[in-house]
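The values are calculated or read from the model by the stated rules, or taken from the named source; none is laboratory data. Everything quoted here is computed from the prediction, not taken from an experiment. In this analysis, Cβ positions are derived from the backbone assuming ideal geometry, glycine residues included, and neighbour counts consider all displayed protein chains.
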Amino acid sequence: GSVQLAMGMQIQERYLFLFSDLLLVTKQKSNTAFKLKNRVQLCDMWIASCVEEVAETTRPADQSFVIGWPTQNVVATFPRADIKEYWQTKLREYINIDKLKDKDKEIQLKVAPRDIESVTQNVCQVAVNNLTEAKDVLLACLNQLNIS
C-alpha cells in the first residue's frame, strides 16, 4: 500500500509489500512498475509509536508509526488512521510469527554496570533471544545485582 516514509527532514512516497517473512519498500515508477528500495527480513524488524523521536517533521500521530530495521528507522504515515491500524496490526503479527521461528536460539549477554563509587565490578548475565526486549534485560540485571 501507499505510504509516506519520513527520515529526519526527508519525506518519500513509497509502496509497501508485505509477505510472510519479508517487507519490500518500493518506489512507484509507473502504474505497473515499482523500483525496489529496501528488502527487509521481518525477523530483523521492529515497530514502535515514538514518532516524534524519529522524524524531524511533524507527522499525524493517528496515521503514523515507526518501522525499524538494523540500518534505518522511519516514520510511516498512511493516508488514513484505519489504514495505519491495519498495517501496524499486520506487521506486528507477521514480525512476531517470523521471530518465533528463532526463539530457541539464545546467547548469554553479559552486562557490566559502570559505577564510579564501586571498586568491585559486578556482572549481570542474562540469556536473550530475538524476542527479548531491553526492559527485560534491565529488570533482570537490577534483580541480579540487588538494585532497587
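Go through K90, K84, K103, K99 for me and flag whichever is basic (K, R), in contact (Cβ under 8 Å) with a residue 24 or more places away in the chain, under 21 Å from A6 (Cβ atoms) and not in a strand (DSSP E or B).
Selected residue: K90, the only one of K90, K84, K103, K99 that is basic (K, R), in contact (Cβ under 8 Å) with a residue 24 or more places away in the chain, under 21 Å from A6 (Cβ atoms) and not in a strand (DSSP E or B).
Among the residues making up the range 27-47, those that are surrounded by 13 or more Cβ atoms within 10 Å (Cβ to Cβ) and either aliphatic (A, V, I, L, M) or not assigned by TED's automatic domain parsing to the domain that holds A81 (or both) are V40, L42, M45, I47. Looking across the range 68-101, the residues that are hydroxyl-bearing (S, T, Y), more than 19 Å from E52 (Cα to Cα) and surrounded by 13 or more Cβ atoms within 10 Å (Cβ to Cβ) come down to Y86, Y94. Taking S20, is it within 23 Å of I95 (Cα to Cα) and in a loop (DSSP other than H, G, I, E, B)? Criteria met by S20. Within the range 59-80, track down each residue that is touching a residue at least 60 places away in the same chain (Cβ under 8 Å), in a loop (DSSP other than H, G, I, E, B) and either over 19 Å from G1 (Cβ atoms) or of a type in the set (A, V, I, L, M) (or both). Hits for the range 59-80: nothing passes.
Given the structure, is S2 of a type in the set (G, A, S), in contact with a strand residue (DSSP E or B) (Cβ under 9 Å, 6 or more places away or on another chain) and loosely packed, with under 12 Cβ neighbours inside 10 Å? Here the answer is yes, as S2 does meet what is asked. Of the residues making up the range 37-58, those that are farther than 15 Å from V3 by Cβ and hydrophobic (A, V, I, L, M, F, W, C) are L42, C43, W46, A48, C50.
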